[in-house]
1. What number of residues within the stretch 255-278 are in contact (Cβ under 8 Å) with a residue 40 or more places away in the chain and either more than 13 Å from Leu298 (Cβ to Cβ) or assigned to a helix (DSSP H, G or I) (or both)?
2. Starting from the stretch 81-105, take each residue that is touching a residue at least 12 places away in the same chain (Cβ under 8 Å) and list its partners that are outside any helix (DSSP H, G or I) and near the ligand (Cβ under 6 Å from one of its atoms), counting only C-beta distances under 6 angstrom and pairs at least six apart or across chains.
3. Out of everything in the stretch 106-130 that is near the ligand (Cβ under 8 Å from one of its atoms) and surrounded by 15 or more Cβ atoms within 10 Å (Cβ to Cβ), what residue ends up being nearest to Ala236 (Cα to Cα)?
4. Considering (1) more than 15 Å from Asn137 (Cβ to Cβ); (2) of a type in the set (Gly, Ala, Ser); (3) part of a strand (DSSP E or B); (4) within 12 Å of the ligand (Cβ to nearest atom), say which one Gly87 fails and leave the rest.
5. Provide a single number: the residues in the stretch 299-330 that are in contact with a Lys or Arg (Cβ under 8 Å, 6 or more places away or on another chain) and under 21 Å from Leu243 (Cα atoms).
6. Can you tell me which condition Ile225 does not meet? The list is (1) of a type in the set (Val, Ile, Thr); (2) more than 18 Å from Ala268 (Cα to Cα); (3) crowded, with 21+ Cβ neighbours inside 10 Å, and all the others hold.
7. Name every residue in the stretch 48-64 that is surrounded by fewer than 21 Cβ atoms within 10 Å (Cβ to Cβ), part of a helix (DSSP H, G or I) and touching a strand residue (DSSP E or B) at 6+ places or on another chain (Cβ under 9 Å), in order of residue number.
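We did not get these values from a lab; they are worked out from the coordinates using the rules stated. Predicted, not measured: the structure shown is a model, and the values here were computed from it. Here the Cβ is made from the backbone with ideal geometry for all residues, glycine too, and neighbour counts use every protein chain on show.
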Amino acid sequence: MYTHLGSVTLKTGEQMELGVVRCPDPSWARQIKPFLSHKGRETKDFFDAAFERPMDGLETRFYVGTIGGLLVTNVMVAGARGAGILGHVYTAPEHRRKGAYGQLMPVQMADTQRAGFRALTLGTGFETHAYRIYHGNGFRSIDGTSGRMKWLAQPDVEARYFRSGATSVRPARWDDWGPLNLLTYQPVQAGEELPRSWSFRVKGQGSLEGTFQALQRDIMRQTPITPLALESEHGATVGWAVLQPDNVAFGEGWLLDLYVHPGCAGDAGKLLDAVPWPDQGRVAAYTAGPEGYRTAALRDFGFRPIAELPDWLQVSGKPAPLRVLARGQMLRD
Ligand SMILES: CC(C)(COP(=O)(O)OP(=O)(O)OC[C@H]1O[C@@H](n2cnc3c(N)ncnc32)[C@H](O)[C@@H]1OP(=O)(O)O)[C@@H](O)C(=O)NCCC(=O)NCCS
């Protein structure tokens, strides 16, 4: 569904119409998908799905600037429960430097806030032209040195979003995408067990924007992956457990990936309780750093340390051993 959001004048004097397309909307797919045809496979799969059908509770909005009905500039916001991902910013080469995106973005930000979004994350190159446009619209680098940026409607949004409260476990869904990216953008805590996620390829404070899409695509292709999410009563996704074929071991056996926000460390066992443990074969978990909630929870569910790889990962700037924990049967002749 398209909603008109206004009309602006470009530096050339051309009139550009601004609007928002709320997915699903197959009619706009015909224009927006070719406009973003330079995107990678996972993203194209996501577009195919988003324009065609509802994706759990994910709200996907494409903000567009058009001249004579033709696309000139675009930005997408996708998310749920107040937290979204901003991406796919693009102006057609022949329309650049006319003020097209610079005029679309503030209108998009105002509309996104009206729609209830309180936190947005994005990834770009540090201090690029796009970075400066985002900075001018309230985004800040999460670490001061990278192009991973976030915008918060008020300074205390995250403190309120991640405050402790009752939690429940359910299958992870598309509407966890934005909330999960906000979660993995949180700073690494002193003594935190890393990497944060093998399944999402997040080592420390980082993004799962692309890898979440890739995992969803693998699930659509029938790879036997069970993703579970821990949701707090305040709407935040505060943890996950993913059971999947262990790619480190060429799919022989299973990999269990576990992470929870520090405020909910006591609920890690709830996630493990909901894992459909395989009847046969080993399940491995890999972790580095001082033993913390993750190792403790895994031990409670029968995992035992079976190996340690010395100086295997950089943790807080120092080489640290990687511990391999496993439960279930090892390979037998
Ligand atoms: C980044 C991009 C979206 C900007 O779109 P645009 O419609 O040309 O942006 P605007 O004309 O509104 O530019 C706004 C301001 O950004 C800065 N800017 C943008 N492109 C610039 C460039 N190539 N060189 C210098 N400054 C630039 C300028 O300050 C500009 O204002 P000004 O022209 O009045 O000086 C566009 O260049 C693009 O599509 N690039 C390729 C895709 C991309 O990089 N996307 C972002 C990935 S996260």
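1. Matching residues across the stretch 255-278 total 11.
2. From the stretch 81-105, the pairs are Thr91/Thr73; Ala100/Thr73; Ala100/Thr91; Tyr101/Thr73; Tyr101/Thr91; Leu104/Thr73.
3. So the first thing to find is which residues in the stretch 106-130 are near the ligand (Cβ under 8 Å from one of its atoms), and the list is 122-125, 128-130.
Filter once more, so that each one left must be surrounded by 15 or more Cβ atoms within 10 Å (Cβ to Cβ): 122-124, 130.
Details: Leu122: 18, Gly123: 21, Thr124: 24, Ala130: 28 Å.
So, considering only residues that are near the ligand (Cβ under 8 Å from one of its atoms) and surrounded by 15 or more Cβ atoms within 10 Å (Cβ to Cβ), the one nearest to Ala236 (Cα to Cα) is Leu122.
4. Just one mismatch for Gly87, condition (1).
5. Here the count works out to 12.
6. (3)
7. Residues satisfying the conditions are Ala49, Phe51.
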